[in-house]
Amino acid sequence: MNNRVRKAVFPAGGLGTRFLPATKVIPKEMLALVDKPIIQYGVEEAIASGIEHIIIVTGRGKGAMEDHFDHSFELDATLERRGKTELLAVSRGVSTLARISYVRQKEPLGLGHAVLCAKDIVGNEPFAVILPDDVIDADPPCLKQMLDVFNERGGSVLATMTIEGPGISAYGVLAGSQDSENPRVYNCTGMVEKPKFENAPSKQAIIGRYVLTPRVFELLEQTKPGAGGEIQLTDGILALAKEQKVFGYTFEGKRFDAGDKFGMLQATVEFALKRPEFADKFREYLKGLAL
Ligand code: G1P
């Protein structure tokens with residue numbers, strides 16, 4: 001088995017019902033956060049973390065993603081003719097960002113099933129999973145932090161964050177104990193997908209970044225539908241944790257759920273305030289609102 005993590009799987013076949021009506025025709029992964037589709041943040045994070053090959057698991061009506069990361073001949077030719085060199089660099093930059101393969105999830109059978117669709121392209125090597133809805137502002141990038149833990153500890157790593165209160169029921173929740181050497185690391189003994197608040201085994205919610213060993217594919221093949229009647233990634237990783245080491249890792253950084261309307265609003269404000277071209281102007285505008 002090759003032990004270097006070179007590939008990242010992006011499950012992007014979901015319907016995006018939480019963002020209707022915007023996502024009736026437009027894939028939710030293509031919704032713009034400031035000026036970039038949310039999936040591009042994840043792809044840039046993967047590349048900045050050393051990933052060489054992106055695998056996007058798509059579905060019906062998701063063709064805009066493929067067009068986005070492809071060359072746009074007409075656009076580029078027009079920008080070139082008009083001498084718009086900066087915009088041309090932006091457009092070309094997207095199409096040369098990464099080596100990307102696409103695989104189609106034909107039926108929406110769940111996140112675990114979506115990851116399984118990438119099995120043949122990933123092969124027998126460890127890989128990352130990035131859920132594009134989860135946009136994470138972090139330096140170093142969240143996935144890079146996790147790869148450091150993976151390389152040091154040699155076991156699968158799940159990103160986690162502490163969630164107080166009943167909101168934890170929207171997540172996969174980790175069971176385990178904090179590591180004695182590194183308080184950001186949890187030695188995982190179990191996990192439950194979307195438990196009731198009173199049954200949550202901890203306050204550690206699993207966030208959409210995973211570094212997994214390829215054994216998880218075989219286990220996902222045997223995973224029966226779980227929460228919501230779907231084949232859950234959490235259940236596949238639970239089976240993995242019974243055989244191999246699995247760690248939770250409380251990443252340093254801030255996560256936004258950009259697949260949710262309120263999360264997208266929060267991300268929009270915070271990412272806009274970080275953009276040098278209009279941070280000052282936007283801050284002044286916000287200050288001027290009678291809140
Ligand atoms: C998925 C996973 C869940 C995880 C969450 C993070 O759920 O199944 O374990 O906590 O992503 O965003 P979803 O949000 O797709 O329902």
Yes/no for Thr268 being away from the ligand (no atom under 13 Å from the Cβ), surrounded by 14 or more Cβ atoms within 10 Å (Cβ to Cβ), within 17 Å of the chain's Cα centre (by Cα) and within 29 Å of Lys28 (Cα to Cα): no
Output for segment 177-213, where each listed residue is more than 16 Å from the ligand (Cβ to nearest atom), surrounded by 14 or more Cβ atoms within 10 Å (Cβ to Cβ) and assigned to a strand (DSSP E or B): Gln178, Val185, Asn187, Thr189
Subset tally (residues that are among the hydroxyl-bearing types (Ser, Thr, Tyr) and either assigned to a loop (DSSP other than H, G, I, E, B) or farther than 30 Å from Glu181 by Cα (or both)) for segment 214-254: 1
Residue satisfying condition, being within 14 Å of the chain's Cα centre (by Cα) and either surrounded by fewer than 18 Cβ atoms within 10 Å (Cβ to Cβ) or hydrophobic (A, V, I, L, M, F, W, C) (or both), within set Ile51, Ile26: Ile51
Residue satisfying all of: in segment 91-109; out of contact with any Pro (no Cβ under 9 Å at 6 or more places or on another chain) and polar (S, T, N, Q); surrounded by the fewest Cβ atoms within 10 Å (Cβ to Cβ) among these: Thr96
Failed criterion for Met65 (all others in (1) part of a loop (DSSP other than H, G, I, E, B); (2) among the aliphatic types (A, V, I, L, M); (3) under 20 Å from Ala258 (Cα atoms) hold): (1)
Filter result for Gly112 (in a strand (DSSP E or B) and surrounded by 16 or more Cβ atoms within 10 Å (Cβ to Cβ)): no
Tabulated pairs, segment 194-214, first over 27 Å from Ala8 (Cβ atoms) and touching a residue at least 40 places away in the same chain (Cβ under 8 Å), second within 12 Å of the ligand (Cβ to nearest atom) and part of a loop (DSSP other than H, G, I, E, B), C-beta under 8 angstrom, 6+ apart or interchain: Lys203/Ile163
Residue within segment 139-157 that is more than 21 Å from the chain's Cα centre (by Cα), assigned to a loop (DSSP other than H, G, I, E, B) and either of a type in the set (S, T, N, Q) or more than 16 Å from the ligand (Cβ to nearest atom) (or both) present: yes
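Read-outs: derived from the displayed coordinates by stated rules, not from any lab. What you see is a predicted model; the values in this text were computed from it and never measured. Don't worry about glycine lacking a Cβ; one is built from the backbone with ideal geometry, like all the others, and counts go over all protein chains shown.
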